Amino acid sequence: MLRQGKLPHCASACPMGVIYFGDKNEDIVTNGSETFRFSELIKDKSGYRLMEDLGTKPSVYYLPPVNRSFPFENKDEVVE
């Protein structure tokens with residue numbers, strides 16, 4: 001898909017446009033309609049990687065939901 005200048009099917013087929021694809025080294029990601037700097041997106045939206053502390057260097061980053069419809073329990077507090 002990339003050789004043809006297209007996004008992977010997972011990103012282009014996402015009806016909500018929440019899957020971004022890009023290159024961390026080039027510092028750019030897109031969902032097909034919006035383009036962002038990867039570093040700014042991760043910093044501004046509090047991006048994280050699962051089980052990063054295991055030292056496996058995961059390449060998938062997650063962004064927390066903007067509007068939660070259920071309470072989120074943290075170790076120290078409950079955010080609603």
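Every read-out reported here was derived from the displayed coordinates using simple, explicitly stated rules and does not represent laboratory data. Keep in mind that this is a model prediction, so the values were computed, not measured. Please note: Cβ atoms are built from the backbone with ideal geometry, for glycine as well, and neighbour counts cover all protein chains shown.
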Inset, instruction - Quickly run through the range 27-69 and pick out the residues that are exposed (fewer than 11 other Cβ atoms within 10 Å of the Cβ), in contact (Cβ under 8 Å) with a residue 12 or more places away in the chain and acidic (D, E). - result: E34
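Quickly run through the range 31-53 and pick out the residues that are part of a loop (DSSP other than H, G, I, E, B) and of a type in the set (G, A, S). Break it down into steps so the answer makes sense when it comes.
The initial filter retains those residues of the range 31-53 that are part of a loop (DSSP other than H, G, I, E, B), namely 31-34, 37, 45-47, 49-51.
Once the filter is applied, which keeps residues that are part of a loop (DSSP other than H, G, I, E, B) and of a type in the set (G, A, S), the range 31-53 yields G32, S33, S46, G47.
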